[in-house]
Structure formats: structure tokens, C-alpha cells
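Written below as C-alpha cells is the structure these notes are about.
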Amino acid sequence: MEAAEAAWLEPHESGTWSGWPRNETGEFLVGGQPLSQVVDAVGGTPCYLYDRRRITERVQGLRRALSPIVRIHYAIKANPMPALVCHFAGLADGLDVASAGELRVALDTGKSPKHISFAGPGKSERELKQAHAAGILINVESFRDVRLLAEISDSTGQPARVSVRVNLPFTLRASGMKMSGGAQQFGVDAELLPELIGEIKHAGLDFEGFHLFAGSQNLRADAIIEAQSRSCELALHWAEKLNVPLRSLNLGGGFGIPYTPSDKPLEVHAVIEHLNTLAEHARAQRPEMEVVIELGRYLVGEAGLYVCRVIERKVSRGQVFLVTDGGMHHHLAASGNFGQVIRKNYPVAINGRQGPTEVASVVGPLCTPLDLLADKAQLATATEGDLVVVLQSGAYGRSASPRGFLGHPDALEALV
Ligand SMILES: *Cc1c(COP(=O)(O)O)cnc(C)c1O
């Protein structure tokens, strides 16, 4: 069934959300099908639903606008569901993993190890062996990483492919989460680079370039542009000064998505235009070079819904609570406990209801006040059995939640 017309969340509903189609009865459409039907087909609530077509459109839109010098990697950390990663393997130029578990998911897709990279602090010896054996690019983040890879390379006679993740000498403005600048567990401090590169050369590792990731969830094009410019300039300078090749320059992820009505969507075209120019400028100096961006949230966040069902409508001293079969144990981020400084509601709506609205709080079945999916939101009046939809739920959802907490059933997942 096709959407008669893309119908938006009504302005009176929480989040004033645009962009997700609904049919004439107010049902959300997932993969073109009414939500209630999709929920029945996947086995009921609570569940996460990811819309294949929205993911495809997001990646292809970027791919069309970006210069071929710039490669798009999907950062699996944002959503490691195997079917979804498989879908990305066919769309993105590469996959980025942050653990041996994610590496297995990446290899299962059939993506060439040439286009898989591995970043993260505290890589275990076993993980490094696995990554080396698989032949993927390893972003080293410490002298220990280099020492262990030197040993592994020595004993196998096969030099490891490495790139150096550098803790930049600056921070990214306006980031939801800073991953660089100041003291960090990520990467090697820029001032230690000469010594580290010396060890990489001494060990005969196969050096490919630099990985520079300034910060996550950023909605400011000017801040991203500035960080990418400075990162690129530094990488060219280091490669020159330290006399190393620069085949790969990974500028990290961090493109943000809006979660509240006051969040202005990232002006991604400004970032792309600048990135294309930057990549061409860098390529003129380093003809062997490829620029990589590895995005998680921006590629998948807006393609996912979390759906739960109202078990009970409860009124306590005049305040309405919709008690659902889902909650913070499946969706920690929507409860405001995933690194947020100030708790704000995710966009939330009642499926298939267009009638009068009321102020209601959406809570889960956990015996803790933290189990709050929407705090006093303006929602269509809901009754028991109605489906509650949390939008913008494709990234850092199920895998980033404490699913064992309180022993309630897990959430299903489906790629539709
Ligand atoms: C988390 C992470 C990403 C993805 O970040 P987003 O903000 O989701 O785009 C990319 N690269 C590395 C190394 C990461 O740790």
C-alpha cells in the first residue's frame, strides 16, 4: 500500500515531527505498510522497526552529492542488527567496527576486509589477532596497540594494516559527545605522533593514514566544517613532516539528527560541498589519498521507530500515565539516560489517532521512575491497546540499552 500522501505528525503532537509518512487514518507507514499490520507480522510489541527504503535513500543521497574521493563508511556501533548491517554493506563503501563482535557481523556480510576498519580503546590481544588475520585496517590508539601488532606481524610474517587515531589538539564545538581534544582515552595525543610513527616504521607495519574523530551528534555545519578543515590540514602536515604515505584520511562521524522541535536539522549540503573541495585540495597534494567519513547516527537514526503498546491508562492526581509494555530497558536514550545532560522528550506519537489531544506521560513497566519514555507530552488521547511510537529511534537504541534490567521480555527487531 502506498502512502496517499506523506502526512506529518500534527503540530499539536509531541515533537511536531515531520518526515514520517502516515495514512489517512493516522497510521504510520513502515515500508509502505500500516504500522499495526507490520507489528502483527513481526510478532508484536515491543519492537524496533527499521525502514529499508529510508536507509537506502539516505545513503544514496549522500553518495550522489559526495565526490568519489570521499568514501562513506557505516559505523556499526550505531545499530549492529545483522540484517541491517547487511543492507548497509551493499550501500556504503565500507564498514567500521569497534569490537571483535562487530567485526564478525561485518565479515558475515561478505564485505571485503579491504573496506572494513576497526577503532576503539583497549583492544584485546585476541581482538588484534582476529583483526590482523581478517586483513582489515586497524586504527591504532596507543603504543601498546603498535607493540602487540608488531609481535603478531612478526610471528605471522604478514604486516598489519594500520592507521593512527590521533587525539586532536582541539575540540569540536557544539557536539553532543566530544571524542577528541584535551585528555581522552581515544587515540594517541598529537604530540606523541613522531615517536609512535617511529615505532610503526621500525616494526615494518603497513601504515595507511590517520583517523581523526572530533565528536558525535553535531547539528552545526560550521562547526563540522571547521573541524574537518583543521583535521585535514593537520593530517597533510603530519604526513609531510613524518615522511609517511597518506592513503587514507578518516575524518570520523558525528553528523547529528534533530530530536526536539528546537533542534535545527544539520545543513548537510554545506558540509558536503566543503568536504568535496577539501578532498580535492588534499588529493592535489597526495594523489594516493582517499577521504573517509564514518557515520552512524546520521545514516540510520531517522529510519527507525520503537513501538510499544499501552497496557494501562492510569490517572494519578489528575496526571495521565500511559503504562506500556516497553521502556528504558529497550530504549535507554529515549528515557534520557544515555549521556544526555538535560532530559528532553524524543518525538512520540499515538499510532492511528488523530482526534483530540491531552497531556500524558509514557512510562514502562520497570519499577523505577527512570523508566520514562515521554514526560508530559501533548499526545492524541490514547486507550489501552493503542500503539505508542517513538521516532528517531534507529541509532543507539536496542543495543545501547540495559535489556537485562528487571527481567522483562526483550524488544523484537525487524528490517522492513
Ligand atoms: C561512534 C563512532 C562513530 C559513529 O558516530 P556517529 O556520531 O554515530 O556518526 C564513528 N567512528 C567511531 C570510531 C566511533 O566510535
If we keep only residues of the range 128-148 that are in contact with a helix residue (DSSP H, G or I) (Cβ under 8 Å, 6 or more places away or on another chain) and over 17 Å from Ile116 (Cα atoms), then the residue farthest from the ligand (Cβ to nearest atom) is Arg147
Could you check the range 321-344 and list, in sequence order, the residues that are more than 19 Å from the chain's Cα centre (by Cα) and polar (S, T, N, Q)?
Thr324
Looking at the range 226-236, can you tell me whether even one residue there is within 16 Å of the ligand (Cβ to nearest atom) and closer than 17 Å to Ala270 by Cα?
yes
Search the range 262-288 for residues being assigned to a loop (DSSP other than H, G, I, E, B) and surrounded by 14 or more Cβ atoms within 10 Å (Cβ to Cβ), and hand back the single one that is farthest from the ligand (Cβ to nearest atom).
Arg286
When the range 237-255 is examined, which residues are found to be polar (S, T, N, Q) and away from the ligand (no atom under 15 Å from the Cβ)?
Asn243
Run Leu29 past the list (1) surrounded by 23 or more Cβ atoms within 10 Å (Cβ to Cβ); (2) more than 29 Å from Val162 (Cα to Cα) and report the number of the one that doesn't hold.
(1)
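Where a number appears in this text, it was derived from the coordinates with a stated rule and is not lab data. Just so you know, these numbers come straight off a predicted model, no measurement behind them. Cβ coordinates were reconstructed from backbone atoms using ideal geometry, including for glycine residues, and neighbour counts include every protein chain displayed.
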